[in-house]
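Heads up: the structure comes next, in structure tokens.
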Amino acid sequence: MACPANQTVEMNQALLPLDWLLGTWESDEPGEGCFPSIKPFRYIEMLNFSHVGQPVINFTFNAFHTDTKKPLHRECGFIRMQPGANRVAFIIAQNSGLVEIEEGELTGQQLNLQSQALARTSFAREPHVQKISRVIQLRSDGRLEQTISMATDNQPLMQHLHITYRRSS
């Protein structure tokens, strides 16, 4: 059965505290990435948060090379909220072969998440990611800001990515 086209679906009440995320966001200037095992880099990114009336938000994160616009890192998944609480879970699949569950708290318009479970393909390159921490917040100027920290087999948890976005739709 096909889904009806252009039908507006009411957002599930459980997700109303996250309605500020909905829409498409584009980096307003290149983001910055660094980690001891790689050269510092810059990237652009587009985020999309949507819903279909279920108690989940669907999302895609698509990063591109700043100059060539070639696709880089991609993530897709779902956001769930614990009913009656400010607990949030991101269920994420990455094009690198990493799958993760991040959980944390929603405080106002800020999400603070920590990885709870990580799985990877058997042939994922080393060093393996061991922990991820993510902060997403809506700033007072209307921009969305994301900071991701990462730990690997041989590096402690440290900032890996930082970027800001403007809402484009």
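Numbers for the structure displayed
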item	result
Cα convex hull of the range 26-76, projected area averaged across orientations, nm²	4.6 nm²
Percent accessible area from carbon and sulfur atoms, the chain, protein chains only, probe 1.4 Å	53 percent
Protein-only accessible surface order, largest first, of Ser37, Ser140 at 1.4 Å	Ser140, Ser37
Estimated distance in nm for a label pair at Val9 and Thr147, the labels positioned 7 Å out from Cα along Cα-to-Cβ	3.5 nm
Accessible area, probe 1.4 Å, largest first, for residues Glu26, Glu32	Glu32, Glu26
Two-site label geometry, Asn112 and His128: point separation in nm, points 7 Å out along Cα→Cβ	2.9 nm
Förster radius 30 Å - calculated FRET efficiency between Thr66 and Ser169, Cβ distance, rounded to 0.05	0.85
Alpha carbon centroid spacing (whole Å) that separates the range 58-76 from the range 100-169	15 Å
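The values are calculated or read from the model by the stated rules, or taken from the named source; none is laboratory data. Since the structure is predicted, the reported quantities are computational estimates derived from the model, not experimental observations. Positions of Cβ are generated from backbone atoms using ideal geometry, with glycine treated the same way; all protein chains shown enter the neighbour counts. These accessible areas exclude ligands, DNA and RNA; they are computed on the full protein's heavy atoms, side chains included. Shrake-Rupley method; radii C 1.70, N 1.55, O 1.52, S 1.80 Å.
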